Amino acid sequence: MASWTWFHRLGSPPYIYSLAARLTPWFAWPAAALILGGLYGGLVLAPPDYQQGDGFRIIYVHAPSAWMSLMVYMTMAISAGVGLIWRMKVAHAVAASCAPIGASFTFCALVTGSLWGQPMWGTFWEWDPRLTSELILLFLYLGYMGLRSAMEDVQRADRSSAVLAVVGIVNVPIIHYSVTWWKSLHQAPSVMKLARPAMPPSMLIPLLMMLLGFTLFFVAVLLVRLRGEVLSRERSASWIREAVSP
Amino acid sequence: MSEFLDMGGYAAYVWPSYGLTLVVVVLNIVWARRLLARSREEARRRLAMRVGGDT
């Protein structure tokens, strides 16, 4: 029994609302510090790439955005699945909070990738497996948000959009492995080879700082959105009085 | 400084990428705060209506 109490507390809106409020600064400030440090390291300290010169510095905003697009989608789809299976309102609220964050960073990944592709590949866009599957990810996010906003009733919106989010998971491994499964214009991953990193530490450390900083930033934004989503799902509870009292 | 801004000739690609990312980060903060403020406003209105109905 005792091992389940944490799960029940996580399902309780007042607990989540106050917990989210208390946790937000613990993610927001480290995120700001890591991103500022990563920017300085990436723009100033890291040496130019031997092939791409200073153009490679786009990686410090492109890779974190692309990472966000996938990580946020996984968070959204898993929460949506938990919401469907255990009928947990808070899990649906997490999923709904993820979508606009994920969509905006997917858009950012596509545009910064395009700005990187033009000087390096000679084209802004190519119907390449990696690029196409990332574009489909943007459409999944937009479809999810469109479906939600088309439904007046929050519970119906939660359930229908959750099905879409869970089904859309098939696209995630396609994006991730697209550069290894097919011949792609896109370069192979340079971070995930921990045994033999493709970058010297002066290039790699700022990138890791940006990746971690963006991840913490996502959690901070998610926590703020989650409070709004939890509050708007609550119809009768008396704790609302406490939550909205200035 | 101008050498830094020139980005080895890639300024036209590097700076718009960083600029867009900054915009996306700032928009996420603004959107999240606006969503929370709006939900609080709406919850306050619901409460006021209920109190009004009770008395």
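Hey, A:H176 hits all of (1) buried (at least 17 other Cβ atoms within 10 Å of the Cβ); (2) touching a residue at least 60 places away in the same chain (Cβ under 8 Å); (3) under 18 Å from the mean Cα position of the chain (by Cα) but one; which does it fall short on?
(1)
Could you name every one of the helices (runs of 4 or more DSSP H) located completely within region A:100-207 that has at least 3 residues being among the aromatic types (F, W, Y)?
A:129-149
Of all residues being in a loop (DSSP other than H, G, I, E, B) and without any contact (Cβ under 8 Å) to a residue 24 or more places away in the chain in region A:43-57, which is nearest to the other protein chains (Cβ to nearest Cβ)? Just the residue, please.
A:P48
Among the residues of region A:65-74, is any part of a helix (DSSP H, G or I) and free of Cβ contacts under 8 Å to residues at least 12 places away in the same chain?
For region A:65-74, residues part of a helix (DSSP H, G or I) and free of Cβ contacts under 8 Å to residues at least 12 places away in the same chain: absent.
Would you confirm, using the coordinates I've provided, whether A:S79 is within 14 Å of chain B (Cβ to nearest Cβ), under 21 Å from the mean Cα position of the chain (by Cα) and small (G, A, S)?
So A:S79 does not fit the description; no.
Output the residue which, of all residues in region A:87-116 that are crowded, with 21+ Cβ neighbours inside 10 Å and hydroxyl-bearing (S, T, Y), is farthest from the other protein chains (Cβ to nearest Cβ).
So, considering only residues that are crowded, with 21+ Cβ neighbours inside 10 Å and hydroxyl-bearing (S, T, Y), the one farthest from the other protein chains (Cβ to nearest Cβ) is A:T106.
Which of the following residues is assigned to a loop (DSSP other than H, G, I, E, B), of a type in the set (D, E, K, R) and within 14 Å of chain B (Cβ to nearest Cβ): A:R241, A:R235?
Step by step, each of A:R241, A:R235 is checked, and only A:R235 is assigned to a loop (DSSP other than H, G, I, E, B), of a type in the set (D, E, K, R) and within 14 Å of chain B (Cβ to nearest Cβ).
Each value in this text was obtained by applying a stated rule to the coordinates, not by laboratory testing. Everything numeric in this text was worked out from a predicted model, so none of it was measured. Cβ: placed from backbone, ideal geometry, glycine included. Neighbour counts: every protein chain shown.
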